[in-house]
Each structure stands twice: as C-alpha cells, then as structure tokens.
Amino acid sequence: MSRNYSCPHCRKVLNPGTKVVLVIDHDDERELILLSPDLGDYTVVYPLSFEPELGTRYTMRCPVCQTDLTSNHNENLVELEAETADGRSEKVGFSRIYGERATFVGSGPGRVTLYGDHATRYDTPNFFGATRINGDE
C-alpha cells in the first residue's frame, strides 16, 4: 500500500517522488539521504562522500524545516506522519541506528504493526499507545 510521508512538525510531504527524502547528520557531517517508502525495505541511498557506520545512531531531520525527527516516545527511533492511499492517517517510527531494521506503524487506536528482523529488540514497542502486530508474518 502506498503512503505519503510527512514531517510531524511542518507537515510537508517527504516523498514527493519515489523515495523519502531526509537530512542525516552526525557530528559535523550533514547529508541528504533517500529511503524506500516501502515498509520493510531498508534500502538507503546516500552520497559517495558520506559513509555511514554500522551501529551508529544518526539524527534525521526534515529537509524543509530542519526539525529533528527523533521520536518523543523512544530516542532510538525517527517518527513520521503518513497517509495511506485510502486516506487513513498513521504514525511510522523506524530505527535511527544505521543497519538496524526496525519499523513500527501505528494505524489507529490499539494497533501497531512491526516490520524488520530487529523490531523485537524493542521492549513493548507500543510508543503509539497500542498493542502490537507482527507485519512480517
């Protein structure tokens, strides 16, 4: 199912084309990265001049308003707003630790779906205030 992702602060669309566009920074480095909009696809496109380090926690920012997108519910996650093709609103959280494959989708009261083989590293990932469902099944 296709989703339009947006910044929870300025509400601007983050995937105007085929990828989700974010700013990544760590120490003095700041670059644009492109992420797959498909849940469970952890493909990242980044400039050749930037070499992310496995296991490093990076700050992700909105490319429009530059606000830090770290979740208020878990400091290891980025949190975005999403709207599905049928108009439903969701919250999407994913790991900001490079190489960690963990995504959580809050699709309404009482529902969080998990994606990625590292999602279970998180104790009770109900930062959306919900019960969990495994989306990989």
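Observations on the structure shown:
- With DNA, RNA and ligands ignored, accessible area of His118 (1.4 Å probe; Å², nearest 10): 30 Å²
- Prolate/oblate/rounded label for region 29-108 (Cα gyration tensor, a/c 1.5): prolate
- GluC sites (Glu not before Pro) within region 8-88: DSSP coil, no more than 13 neighbouring Cβ in 10 Å: Glu53, Glu75
- Calculated on C-alpha atoms, the gyration radius of the chain divided by its Kirkwood radius gives an Rg/Rh of 0.93.
- Over the chain, relative contact order from alpha-carbon pairs under 8 Å, at least 6 apart, %: 19 percent
- Restricting the trypsin sites (Lys or Arg not before Pro) of region 1-53 to loop positions (DSSP other than H, G, I, E, B) with no more than 13 neighbouring Cβ atoms within 10 Å leaves Arg11, Lys12.
- Taking Asp27, Asp117, Asp68 in turn, the Gaussian network model of the chain (Cα-Cα springs below 10 Å) assigns the largest fluctuation to Asp27.
- Computed over the alpha carbons of region 1-45, Rg followed by Dmax gives 11.4, 37 Å.
- The label-point distance for Arg101 and Asn4, in a model that sets each label 7 Å from Cα toward Cβ, rounds to 3.0 nm.
The values are calculated or read from the model by the stated rules, or taken from the named source; none is laboratory data. These numbers come from a predicted model, not from an experiment. With ideal geometry, Cβ positions are generated from the backbone for all residues, glycine too; neighbour counts draw on all protein chains shown. Surface accessibility is based on the protein's heavy atoms, side chains included, excluding ligands, DNA and RNA. Shrake-Rupley method; radii C 1.70, N 1.55, O 1.52, S 1.80 Å.
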